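Every number here is computed from the coordinates shown, using simple stated rules; none is lab data. Just so we're clear, the structure is a prediction, and the values are computed from it rather than from any experiment. Note: ideal-geometry Cβ built from the backbone for every residue, glycine included; neighbour counts use all protein chains shown.
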Amino acid sequence: MSASHAEENRSLGTVTAMLTIIAWRNIWRNHRRTLIMLGAIAVGVWAMIWLTAVMRGMVDQMIVDSIKNLIGHVQIHAPAYRDDPSIVNSMPAPTSALTEALQDPAITTWTTRVRVPAVISSERESMGVTLVGISPEREQGLLFLPETISLGRYLESAQDDGVIIGAKLAERLEIQLGWRIVLMSQDPENEIVDRGFRVVGIFDTEMEAIETGYVFTGLETAQRLLNMQTQVSELALITQDYRHLQAIVDRLRTAAPGLEVLPWQELDKYLGTMLAVMDGFVLIWYLVVFIAMSFGLVNTLLMAVFERTREIGLIQALGMKPSLILLQVLIESFFLLILGLVLGNLLSWLSIIPIQDGWDISALGVEGLEYAGMSAILYPVVLANDVILSNVVVIVLGLIASLYPAWRAARHVPVEAITRI
Amino acid sequence: MSTVTCKNLYKTFGEGELAVHALSDINLDIQAGAFLCLSGPSGSGKTTLLNMIGGLDTPSRGEITVADRRVDQMNKAQLADMRLHHIGFVFQAYNLIPVLTAQENVEFVMQLQGMPRQTRAEKSSAILNEVGLSGLESRRPAELSGGQQQRVAVARALVSEPDLVLADEPTANLDSHSAENLMQLLENLNQRHGTTFIISTHDKLVMSHAKRLIKLRDGKIEEDVTQ
């Protein structure tokens, strides 16, 4: 670095230090106005972070609950299965290459299932259902069972030949725990197969479509009934982070050529759209809050600049360049924004801590959440990205908004400013 | 050697029938080390002329040279630079930055010039001592009397050793005792440092201290007397 550059840098450092001191003292010239502005910024930041955490918690809960409704994070099927989920579109048990790919540390657990249309009959009624053959020990985290079993027991193994049905289905079939039903479906040769089962468990999810739509039995029991040998309908898995699946999906597609590997967003478009909408909503929400906040900020700075017109004229007369006056107002704005952000983040943290282990929103008189696939206990989700984004939005856009009052200050003509009463 | 020259200087505010000719055909040559008063009734053009010389306002026509630099041809940044390095100002009121102490106000210009902290501290202490404000360095303007505030302004105007100090009605808000003290101070500083002073005033007390007195009337030089 040349001597002149070093000299320039030192001068700039000296001037910036001086401007910083003046800016800091200036913001405290009108305590009340500054405190009101800091309060507005803090509440704005709190609204951004806290409400986003609560909204994300709601969506997260819906997604997690839905994932447990037989979706999982990723599913693998025969290519035509989703268009025609019948036995003819089943697939072989996982190959060694696929099994190896499923050992990925990011994959928490995986399972295979038989899942075909069937008819369930009691002595009084018959209804169309989906017969699901499961390996109960492998369904941990993938299925709403066994937590929702209200009567009887969960399946004990893939060979278990009992069935578990929903409470609503039991009501419609007019049967009870321990009664026998008949399940009828088709085998791969399109021949009708049927068999009598005993109801060993009844589950209660509060969601009618689930309770009336699914009947569960052991995987191998279902395979024997349907003459499928080791064939399965689907492979489902869950990972450590449902938001970032692309790499896993890519690896599984390589390991399972000829099969369809889909993440949950594609398996349930509604849920996928909801998450995308939530991300967009967060950004819009931030901008709306910021715009409301920026009116206050710009007004505060304009008032401060207007009140100091003569003073600005004086410092211009003393040789301060317009660019430095602009910088000084921006530093004042920066202080207001930083202090407001600190308070806002603190407020957010203090208001999230008490509800981090769950917030029972039914206490607010909210009812019927289960019909929207939501739980009454809400767990706020604070994403680092959301906190960073809200802080960056406030700082960057706040400084951009402050350019106007700063520019107004910098464009004063000294003689007019000094002579203004 | 001339510190300030004005040639055929005009300043007109407004246009057409509403035009006000604040300065008309001003020709002036002010030598280095001068102690000069601009006097005249209100509206005679004293402050306008002072503002032109200080680069705070631009002439409608004519030339102004300060320390061999054409002020009338400078842009905003150049004017700011010239004021920073060559001119000191003392105004009638609102002279100081309220959030800075007396010492910080004095150091303000030196900080803008990028002067190191140690040098600033030494110079500001010396000048505050010279204007009789030793011990009041850490007071803010609101804690100083009007006369003390003007002394701080004078100290600030002189501390960076400018070629020229412009003072606009510096005694207007002072009682006669404080005004006399201030003028003696300015006179002493002029004699000791050789700094050129141009002071606009109505005040006869101020005029009595001037070595050269220029009387303005209706924007023109009515009288130019060396005392």
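At a Förster radius of 45 Å, what calculated FRET efficiency corresponds to the Cβ-Cβ distance of B:SER60 and A:LEU283, to the nearest 0.05? Present the calculation step by step, with values, prior to reporting the outcome.
Details: r = 54 Å, r/R0 = 1.19.
Result of the calculation: an efficiency of 0.25.
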Fill in: Max mean-square fluctuation residue, GNM over chain B, Cα-Cα springs under 10 Å, options B:SER134, B:SER178, B:SER24
B:SER134
Worksheet, complete the sentence: Within the protein assembly as shown, the percent of DSSP beta bridges that are antiparallel, given to the nearest 5, stands at 70
Discussion item. Taking 37 °C and 0.692 mPa s as the conditions, I'd like the Stokes-Einstein D for the stretch B:14-83 in µm²/s, using the Kirkwood hydrodynamic radius from alpha carbon pairs.
Written reply: 244
Practice prompt. Name the long-range amide H neighbours of B:LEU216: under 5 Å, sequence gap of 5 or more, or other chain; modelled H, no Pro or chain starts.
Written response: B:SER39, B:GLY40, B:GLU222
Worksheet item: So, in the protein assembly as shown, how many Lys pairs have Cα atoms under 17 Å apart, if the pair is 8 or more places apart or on different chains?
Response: 10
Discussion item. Expected output is a single nm value to one decimal: the length gained when fully extending between A:ARG153 and A:ALA80, i.e. 0.36 nm times separation in residues minus the C-alpha distance. What is it?
Written reply: 22.8 nm
Discussion item. I'd like the distance between the alpha-carbon centres of the stretch A:244-269 and the stretch A:18-77, rounded to an integer number of Å.
Written reply: 33
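What 222 nm value per residue comes from the helices of chain B, counting each DSSP H run with n ≥ 4 as -39,500 (n - 2.57) and dividing by all residues, nearest 500 deg cm²/dmol? Could you put the intermediate results ahead of the total?
Values: 7 runs with 82 residues, N = 227.
Helix-only estimate at 222 nm: -11000 deg cm²/dmol.
Assuming R0 = 35 Å, what is the FRET efficiency of A:ARG29 and B:ARG69, from their Cβ-Cβ distance, to the nearest 0.05? Numbers along the way, then the final one.
On the way: r = 36 Å, r/R0 = 1.04.
In this case the efficiency is close to 0.45.
Taking every DSSP beta bridge that has both residues in the stretch B:2-226, what percent is antiparallel when rounded to the nearest 5? Walk me through the numbers before you get to the answer.
Numbers: 21 of 39 bridges.
Just about 55 percent of them are antiparallel.
Give me the percent relative contact order of chain B, please, defined on Cα pairs under 8 angstrom at least 6 residues apart.
On the way: 453 pairs, mean separation 66.9, N = 227.
Reported as a whole number, the value is 29 percent.
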Worksheet, complete the sentence: Neighbour-count ranking for A:LYS269, B:LYS46 (other C-beta within 10 angstrom, fewest to most) reads A:LYS269, B:LYS46
Discussion item. I need the Kirkwood Rh of the stretch A:74-241: take the reciprocal of the average 1/r across all distinct C-alpha pairs and report it in angstrom.
Written reply: 16.2
Fill in: Karplus-derived 3J(HN,Hα), 6.51/-1.76/1.60, for each residue of the stretch A:158-167, Hz, glycine and proline x
5, 8, 4, 10, x, 10, 10, 10, x, 4
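So how do A:ARG310, A:ARG411, A:ARG32 line up by other beta-carbon neighbours within 10 Å, fewest first? Before the final figure, lay out each step's value.
On the way: A:ARG310 16, A:ARG411 11, A:ARG32 7.
If I rank by nearby Cβ atoms, fewest first, I get A:ARG32, A:ARG411, A:ARG310.
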Worksheet item: List the GluC sites (Glu not before Pro) in the stretch A:142-213 that DSSP assigns to loop (not H, G, I, E or B) and whose Cβ has at most 10 other Cβ atoms within 10 Å. Which are they?
Response: A:GLU147, A:GLU189, A:GLU191
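Scaled to the compact-protein estimate 2.2 N^0.38 Å, what is the alpha-carbon radius of gyration of the stretch A:19-87, rounded to two decimal places?
Values: Rg = 25.8 Å, N = 69, 2.2 N^0.38 = 11.0 Å.
Output field value: 2.35.
Can you tell me the relative contact order of chain A? Whole percent, Cα pairs under 8 Å, sequence separation 6 or more. All intermediate terms of the calculation are to be shown ahead of the outcome.
On the way: 698 pairs, mean separation 109.5, N = 421.
The value is 26 percent.
Of all the Cα-Cα pairs you can form in chain A, what percent are over 26 Å apart?
Working: 58813 of 88410 pairs.
I get 67 percent for the Cα pairs in chain A exceeding 26 Å.
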Worksheet item: Build a GNM of chain B with springs between Cα atoms under 10 Å: which of B:SER200, B:SER39, B:SER145 gets the top mean-square fluctuation?
Response: B:SER145
Fill in: Dimensions (Å) - the stretch B:1-132, Cα atoms, principal axes, largest first
54, 31, 28
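Rg to Rh ratio, chain B, alpha-carbon atoms and Kirkwood radius? If you can, show how the numbers build up before the last one.
Values: Rg = 17.3 Å, Rh = 17.9 Å.
Ratio of gyration radius to Kirkwood radius for chain B: 0.97.
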Practice prompt. Give, rounded to the nearest 20 debye, the magnitude of the charge dipole that the protein assembly as shown has about its Cα centre when Lys and Arg contribute +1 at Cβ and Asp and Glu contribute -1 at Cβ.
Written response: 3060
Item to complete: Choose one answer from A:ASP241, A:ASP60, A:ASP187: the residue with the largest mean-square fluctuation in a GNM of chain A with alpha-carbon springs under 10 Å.
Response: A:ASP241
Response to the item:
Residue-ordered couplings for the stretch A:282-299, obtained by feeding phi - 60° into the Karplus form 6.51 cos²θ - 1.76 cosθ + 1.60 and rounding to whole Hz (Gly and Pro as x), are 4, 5, 5, 4, 4, 5, 4, 4, 5, 4, 4, 5, 5, 4, x, 5, 4, 4
